[in-house]
Amino acid sequence: MAFDSFGDFVQQLDRAGELTRITQPVATELEITELADREMKQPGGGKALLIEKPTVNGVVSPFPVAINTLGSHRRMALSLGANSVAEVAAELGALMKAKPPTGFREALKLLGTALDLRHAKPKLVKAGPCQEVIHKFAAPPARPEPWPKAADFQSASGNQQSASASPTLLNLPILRCWPLDGGRFLTLPCVVTKDPDTGERNVGMYRIQIYDDRTTGMHWQLQKVAARHGRRYYETGTRMPVAIFLGGDPVFTFAATAPLPDGLDEFLLAGYLRKKSVELVRCATCDLEVPANADFVIEGYIDPAEPLREEGPFGDHTGYYTLPEPYPVFHVTAITHRKDAVYPATIVGIPPMEDFYIGGASVKLFLPIFKMNFPEIVDIALPAEGVFHNLVFVSIRKTYPMQAYKIMHGLWGMGQMMFSKYLVVVDDDVDVHNTSEVLFRLCANTDPQRDSLFTKGPSDVLDHATSEIAIGSKLGIDATKKLPGEGFKRPWPPLIKMDAAVKAKVEKLFGK
Ligand SMILES: Cc1cc2nc3c(=O)[nH]c(=O)nc-3n(C[C@H](O)[C@H](O)[C@H](O)COP(=O)(O)O)c2cc1C
């Protein structure tokens, strides 16, 4: 199902009983976070919130804020127009099985072809609601030297009085999420860039720190696709066009977070998932395209001649603040928006948060691709406590010795799975989504020294525990039943299980 706008999706959530409307004014400075955090900590992720009167420095914004819209399994499925993400994954798996690939590279190529088969290619159109209001900015003033601290800017923005003027980065309802944050941040921005060599497009979600009304940070981490595009512009010294959009069909937000292989257009995945090609319009001031039905678009560029600037601190996915690190500076040339735009936001912090459901949907959707390369994989789970890839549980149908280690090495070598810090492999009869069951098997089935493997690799730049940024060690634990040849020389005991007949009789007598 295709949604015409973010507001359209919010209405659908309302009809489905998945939305709470907040009618009293709530401050974008910390208060929305407190409200949303309470909601996200409810069992199953609580409800989406529509803050009808968000205030920016005490002034009510003309744009409502919707938050936690993808923060439950049901809402995540609704955003994809499906009953469950598993249903969508099964469909994608079946599409790819039509011609099984012989390797991972081919599986990825096939994913592109499979998506294409469904006429999912994006279409360029002349005009779209995302440009109903266009506000262009004159050439930027000379760069201040040295850069002011974000905190200085915050007090300057405190003088902001008018919320009805043209939208700028100062009067949009952009959240300041946590007390020690370095400023306000766009938390659900879809960032569009192009590879200057091939013209291939990428849409990635990278948070955006507001520095002032014309400049922001650009937090694409070292190993992400847009960072690779950026490096090519820095090498050639060419100004890099970048477009940031918010909202539109919620599937865009999901696609921007999905760990697609470099070179595979996120709009192709989005078109496939919404069963309708994504309509794109050309940006008003730069050579990029954005979804015609987006709610807000912020256009601009990065100048490789300019020094990097400190970004952060930011209360992050990890549950800790990410300390300031240097990132490129983005200059705004235009802000365009729909007249009825709804501002999409999320918060990250101590888990569980909304991102648990977004990341979980990615794992489910791409499980068929993992299984094509590793047919022994039964299921994969990223428990909320591990914040995406810190902790990965994998169940396998093990048939030969050391197979668990093959899976560890294989997964550490696949895309963003390289970030997995702890990887636990269990047998196929374990429900990896039940953390208690995995921990029971882990404790019961392992001899720590024999069954663990330390290795090294790239790490998530957000991981504050590694001695150096972006590199670290990994621990794999084989919690499967040991086979001959795995150094275990005793008989393996049976797992305790009651007879089915006794269970049935007791259930009949006493109920469940
Ligand atoms: C809410 C949210 C915020 C995120 N913020 C960032 C970020 O600031 N920087 C980053 O590199 N990745 C961030 N990510 C993860 C990326 O979106 C994710 O790795 C994505 O696959 C990157 O796309 P790419 O492979 O096209 O670069 C975020 C994910 C979510 C769900």
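Nothing in this text is a laboratory measurement; each read-out follows from the coordinates by a stated rule. The structure displayed is predicted, hence computed values, not measured ones. When we count neighbours, we look across all protein chains shown, and the Cβ atoms used for this are built from the backbone with ideal geometry, even at glycine.
Descriptive notes on the structure:
- Neighbour counts of C-beta atoms inside 10 Å place 218, 417 in the sequence 417, 218, starting with the fewest.
- Amide hydrogen proximity for residue 341: with H placed 1.01 Å from N in the peptide plane, no residue at 5 or more positions away or on another chain lies under 5 Å.
- Annotation: extensible slack from residue 450 through residue 235 equals 72.7 nm (criterion: 0.36 nm per residue apart, minus Cα-Cα distance).
- Scalar couplings 3J(HN,Hα) for the stretch 292-307, obtained by applying the Karplus form with A = 6.51, B = -1.76, C = 1.60 to θ = phi - 60°, are 4, 9, 4, 8, 9, 10, 10, 9, x, 7, 10, 9, x, 6, 8, x Hz; x denotes Gly and Pro.
- A dipole drawn for the chain from +1 and -1 charges on Cβ atoms has a positive end, and of 408, 319, 454 the residue lying farthest that way is 408.
- Total formal charge among the other residues, if their Cβ is under 10 angstrom from that of residue 7, Lys/Arg +1 and Asp/Glu -1: -3
- Temperature 20 °C, viscosity 1.002 mPa s: under these conditions the Stokes-Einstein estimate for the stretch 341-431, based on its Kirkwood radius over C-alpha pairs, is 153 µm² per second.
- Counting lysine pairs in the stretch 258-408 that sit 8 or more residues apart in sequence, or on different chains, and whose Cα atoms lie under 28 Å apart gives 11.
- Sequence-ordered 3J(HN,Hα) estimates for the stretch 461-476 from the Karplus curve with 6.51, -1.76 and 1.60 and θ = phi - 60° stand at 5, 7, 6, 7, 8, 6, 5, 10, 5, 6, 9, x, 9, 9, 10, x Hz, glycine and proline given as x.
- Taking amide hydrogens as placed 1.01 Å from N in the peptide plane, the amide H of residue 379 sits under 5 Å from those of 395, each at least 5 positions away in sequence or on another chain.
- Listed residues 273, 425, 475: farthest to the positive end of the dipole of the chain (Cβ charges): 425
- Phi to ³J(HN,Hα) by Karplus 6.51 cos²θ - 1.76 cosθ + 1.60 over the stretch 379-390, Hz, x for Gly, Pro: 7, 9, 9, 10, x, 3, 4, x, 6, 6, 9, 4
- Looking at the chain alone, DSSP beta bridges between its own residues are antiparallel in about 70 percent of cases.
- Over the stretch 401-512, the fraction of Cα-Cα pairs per 5 Å bin, rounded to whole percents and listed from the shortest bin up, is 2, 10, 17, 17, 16, 13, 8, 6, 5, 3, 2, 1, 0.
- Each Lys or Arg adds one and each Asp or Glu subtracts one; over the other residues with Cβ under 15 Å from the Cβ of residue 167, this totals -1.
- Listed by Cβ neighbour count within 10 Å, with the fewest neighbours leading, 197, 14, 478, 213 appear as 197, 14, 213, 478.
- Mean ellipticity per residue at 222 nm, deg cm²/dmol - from DSSP H runs of n ≥ 4 across the chain, formula -39500 (n - 2.57): -8500 deg cm²/dmol
- Along each principal axis, Cα extent of the chain, largest first, Å: 76, 57, 46
- Ranked for footprinting exposure by Cβ neighbours inside 10 Å, fewest first, 220, 178 give 178, 220.
- Annotation: amide H of residue 278 within the under-5 Å range of 123, 271, sequence separation 5 or more or interchain, hydrogens built in the peptide plane.
- Net dipole in debye of the chain [+1 Lys, Arg Cβ; -1 Asp, Glu Cβ; about Cα centre; nearest 20]: 1440 debye
- Here the stretch 374-478 is treated with +1 on each Lys and Arg Cβ and -1 on each Asp and Glu Cβ, and its dipole about the Cα centre works out to around 340 debye.
- Computed on the chain, with alpha-carbon pairs under 8 angstrom and 6+ residues apart, the relative contact order is 16 percent.
- Packing, taken as the mean count of other beta carbons within 10 Å per residue, orders the peptides 181-187, 256-262, 428-434 from highest to lowest as 181-187, 256-262, 428-434.
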